[in-house]
Amino acid sequence: MYKVSVIIPVYNQQELVIKAINSIPKRDDIEIIVIDDGSQDNTWESLHQNLKENMTIIRNPCNKGVAYTVNKGYDLVRGEYVVLLGSDDYFYPDEFEKCIEELDGTDLVYFDVKVNNEDVWELNEDSKTVLCGSYKFMRREFIGETRCADKKAGEDKPFYEELLRKKPTEKFTHLIVKHYNHPREGSLTDLVRKGVIDD
């Protein structure tokens, strides 16, 4: 059984997604699930060229959106814990390994993230609902049948709110585990902010 499953949804990120994958520590107890959401560039070919052990790649027949894609990942994972990684983000491997040691059966184990200007976004009791994206390891059995709402963006908020209604046990590690590529021109968050797409 895997300790951690990493879900990476990707759309048209043939280069950045490889950086994301390579940031995951090489361990036998980590599985990687990469789901190509109908990319129009060479993402699918790039994934095949960089296939690793314990890594599964699947492809949506057309662009279905991040909620559909992440939900497919939740259906496939086998690890005790699940964590999401944006295809344009990456982990700090040493801190990721330290965080694995904190996975002691707690339902939600939070970590901090660093953004492009070197600021650190700290996850704590006050900020956890504002920074409700992929900043935590989630126990797979606790997630259960909970899935993301069918939204083009912001799908993580109702998903997280549903998890909180289940009254999870929680831990804040204050380890800086992830680099969040923010702000980034053309990212989903950027396009929503500019009104190019609706959430």
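Where a number appears in this text, it was derived from the coordinates with a stated rule and is not lab data. Because the structure is predicted, anything quoted here is derived from the model rather than measured. Because the Cβ atoms are built from the backbone with ideal geometry, glycine has one as well, and the counts that use them run over all protein chains shown.
Structure notes:
- Reach of K26 by Cα under 13 Å, taken over aspartates and glutamates that are not fewer than 8 positions away in the same chain: E53, D94, E97
- Each 5 Å bin from zero holds the following percent of Cα-Cα pairs in the chain: 1, 8, 16, 22, 23, 18, 10, 3, 0.
- With at most 14 other Cβ atoms within 10 Å, longest stretch of the chain clear of loop GluC sites (Glu not before Pro) (DSSP): 54-100
- Taking all C-alpha pairs of the range 26-141, those more than 21 Å from each other amount to 44 percent.
- Across the alpha-carbon set of the range 30-83, the Rg to Rh ratio works out to 0.96, Rh being the Kirkwood radius.
- Helix-only [θ]222 nm of the chain, DSSP H runs n ≥ 4, -39500 (n - 2.57) each, per residue, nearest 500: -7000 deg cm²/dmol
- The Cβ shell under 12 Å around D36 holds other residues with a net charge of 0, Lys and Arg each +1, Asp and Glu each -1.
- D (Stokes-Einstein, µm²/s), Kirkwood Cα radius, the range 111-155, 1.002 mPa s at 20 °C: 171 µm²/s
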